[in-house]
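Report on one structure; see the data block that follows.
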Amino acid sequence: MGEVVWAEFNSAAGRLRRQRAGEVCGEAFETRKPVWKPVQYRGRRAIATWWRPAGSPRHVGCAHLTALQTAQELEFDPQVVSFAAWPLRLMSVDGGTVVVPDFFARLRSGEGCLVACPPSRGFGDVPESAEMRLLNAACEQGGWQLRVIPALSEVIAANRRRLSRYRHSRLADEQASQVLHAVFMRPQVLAEGIAASGLPRLTAMAQAHHLIWTRELLIDWERPFAPSSSPVWSAKAVAR
């Protein structure tokens, strides 16, 4: 799609604006309010669920459970600094193709990233669709990356859901982290390592879960995670 793509978004002052995608590459869309919300109808809420990124005062909306899973993946990705739901609407010149990306993410490199996570039978299954061509053209003109995140396996998704409860930085403790890294320099079952650490069991277990979420302690994500049976090891041991 060589034609110009138009972007509709809320300014920092909350006013709806429309500009060419190539003119808005400097906009902080990860801080903007949504330009769209799912349609509400009888039997369905307007938004399927909400996700609150750690350290953020704002929730982001998720139109379906696939979007919720994608929000968790963005949170888990160490390259993603922040993200927002539905902050811009992309349109072809004639208005015949309109796409609202599920999320806009700001990466640690400073780059922006459009994130699309269609349901199982969405446009993401058809790379040559008009919607995908519009998204690719918008990214080319706006200087953004594009991610269409595939669904995770049931096991990995379940592990992410469980450990995402421990994503908040209030669980971080430098002294406990040093002890846990020392304990798990060699792989051992999480519960056994916690018992050997000498730390208070309940708080140490939460701190260890937080370290797993931040990838400082490692697990096999493709196996069901359980503290009583899952081996854990320190990322510092791998780096040696």
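In the complete set of protein chains, residue-level accessible area for GLU27 is approximately 40 Å², probe 1.4 angstrom.
Within the set of other residues whose C-beta is less than 10 Å from the C-beta of ALA71, count the net charge using Lys and Arg as +1 and Asp and Glu as -1. So the surrounding residues net to -2. Shown for region 44-87 is the translational diffusion coefficient from the Stokes-Einstein equation, using the Kirkwood radius over Cα pairs, a temperature of 37 °C and a viscosity of 0.692 mPa s: 305 µm²/s. Electrostatic bookkeeping for ARG17 treats Lys and Arg as +1 and Asp and Glu as -1; over the other residues with beta carbon under 14 Å from its beta carbon, the sum is +3. The per residue volume of the convex hull around the alpha-carbon atoms of region 11-80 is 133 Å³. Checking every one of the chymotrypsin sites (Phe, Trp or Tyr not before Pro) in region 7-37 against DSSP loop status and a limit of 14 other Cβ atoms within 10 Å picks out no site at all. Pairs of Cα atoms in region 48-190 fall into 5 Å distance bins, from 0 up to the last occupied one, in shares of 2, 9, 16, 19, 18, 13, 9, 6, 4, 3, 1, 1, 0 percent. Taking the accessible area of the chain, probe 1.4 Å, and keeping the other protein chains in place, the carbon and sulfur fraction comes to 50%.
3J(HN,Hα) along region 18-24: 9, 9, 5, 4, x, 9, 10 Hz, from the Karplus curve 6.51 cos²θ - 1.76 cosθ + 1.60 with θ = phi - 60°, whole Hz, x for Gly and Pro.
Summing charges over neighbours of TRP6, with a neighbour being any other residue whose Cβ is under 13 Å away from its Cβ, gives 0 when K and R count +1 and D and E count -1. Simple point charges give the picture: +1 on the Cβ of Lys and Arg, -1 on the Cβ of Asp and Glu, and for region 91-240 a dipole about the Cα centre of about 640 debye.
Along its principal axes, the chain has C-alpha extents of 66, 37, 31 angstrom, given from the largest down. Here the gap between VAL93 and CYS25, fully extended at 0.36 nm per residue and compared with their Cα-Cα distance, gives a gain of 22.6 nm. Selection among ALA84, GLN175, SER129 by position relative to the dipole of region 83-240 gives GLN175 as farthest towards the positive end (Cβ unit charges, Cα centre). A 1.4 Å probe run over the chain, with the rest of the protein chains in place, finds 54 Å² accessible per residue. Computed on the chain, with alpha-carbon pairs under 8 angstrom and 6+ residues apart, the relative contact order is 16 percent.
State the dimensionless ratio Rg/Rh of region 176-240 (Rg: radius of gyration of Cα atoms; Rh: Kirkwood radius). Using only Cα positions, Rg/Rh for region 176-240 is 0.91.
Sequentially through region 222-229, phi angles give Karplus couplings (6.51, -1.76, 1.60; θ = phi - 60°) of 8, 10, x, 8, 8, x, 7, 9 Hz, Gly and Pro residues having no value and appearing as x. Of the trypsin sites (Lys or Arg not before Pro) found in region 127-219, those in coil by DSSP whose Cβ has at most 12 other Cβ atoms within 10 Å are ARG165, ARG215. Stokes-Einstein at 37 °C, 0.692 mPa s, Kirkwood radius from Cα pairs: D for region 109-240 in µm² s⁻¹? Rounded to a whole number, D works out at 191 µm²/s.
The values are calculated or read from the model by the stated rules, or taken from the named source; none is laboratory data. All values reported here derive from a predicted model rather than from experimental measurement. Backbone-built Cβ (ideal geometry, glycine too); neighbour counts: all protein chains shown. All accessible areas refer to the heavy atoms of the entire protein, side chains included, with ligands and DNA or RNA removed. Shrake-Rupley method; radii C 1.70, N 1.55, O 1.52, S 1.80 Å.
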